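Please read the structure below before turning to the comments.
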Amino acid sequence: MIIKIIVGILVVFAVIRLSKKLFHFQLPFVEYILDSDLRCKGQPPERVISRSGVQKGMTILEIGCGSGTYTIQAAQTVGKSGKVFALDIKPQALLRLNNKLTQNQNPEAGEICPMLENACKLPLSDESCDLVFMVSVLQEIPNRRKALEEIWRVLKPNGILAVTEVMVDPDYPLKRTTIRNGEDAGFTIGEFFGNLWEYTIRFRKPLNINIKENIEAR
Ligand SMILES: C[S@@+](CC[C@H](N)C(=O)[O-])C[C@H]1O[C@@H](n2cnc3c(N)ncnc32)[C@H](O)[C@@H]1O
């Protein structure tokens, strides 16, 4: 019986994974699962934010923030001298984030600026962010290359791009896929944290590289 249930779950998971790859759709009601206590126990916000390299005073962009499971922790870590731009393409996700923000105001946390935008067209100026992070998002973006070019543009030289992935996500990529995506976009690999099940990779935008030259070289 248990084996049948496990096989059933694996089949459903494989069908969702394949369909998402083919048709690029987003799962409905996913915010409820992403915000659950079980998820926060498995992938605690403090751990994800610390592995991502977030520090006090930073200006940060979170791409695909969803309903803010990691955004709020990021704002607490950057503190009042920092700022978090929280960007998502889905209005319902940002609505949930806004509700959380009005219910729990923390005077010690950095300002959170929710933005309803596409990762492929970031509404931020060149070299304006110390760090960009995303959790279970990169593989969901059909035009990853364009999104990574935009991330490159808004990051300061030596800025950090932190990518976190977890295996229960139907879009989960192996570590080598994420590394290839980052390197193809011109980033250098910094630190790796975690394991096959759940990992964070920190990339760096190299110092002294001209944006235009780098894009032309790729
Ligand atoms: C699996 S959810 C992860 C949400 C959040 N990062 C978390 O871990 O709780 C992926 C999120 O990425 C967002 N997303 C997908 N493609 C996007 C794009 N092109 N630009 C901005 N956000 C995008 C989705 O709307 C969704 O909220």
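The values are calculated or read from the model by the stated rules, or taken from the named source; none is laboratory data. Keep in mind that what you see is a predicted model, and the values were worked out from it rather than measured. We place every Cβ from the backbone using ideal geometry, glycine too, and count neighbours over all the protein chains shown. All accessible areas refer to the heavy atoms of the entire protein, side chains included, with ligands and DNA or RNA removed. Shrake-Rupley method; radii C 1.70, N 1.55, O 1.52, S 1.80 Å.
Below are the figures for this structure:
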| read-out | value |
| --- | --- |
| Segments classed as strands (runs of 3 or more DSSP E), wholly inside segment 103-218, with at least 1 members that are touching a residue at least 60 places away in the same chain (Cβ under 8 Å) and either open to solvent by 20 Å² or more (accessible area, probe 1.4 Å) or within 24 Å of Gly42 (Cβ to Cβ) (or both) | 129-135, 155-166, 188-194, 198-204 |
| Candidates Leu94, Leu22 - the one that is under 27 Å from Ile151 (Cβ atoms) and within 19 Å of the chain's Cα centre (by Cα) | Leu94 |
| Subset of segment 156-177 (residues that are among the charged types (D, E, K, R) and away from the ligand (no atom under 14 Å from the Cβ)) | Lys156, Lys175, Arg176 |
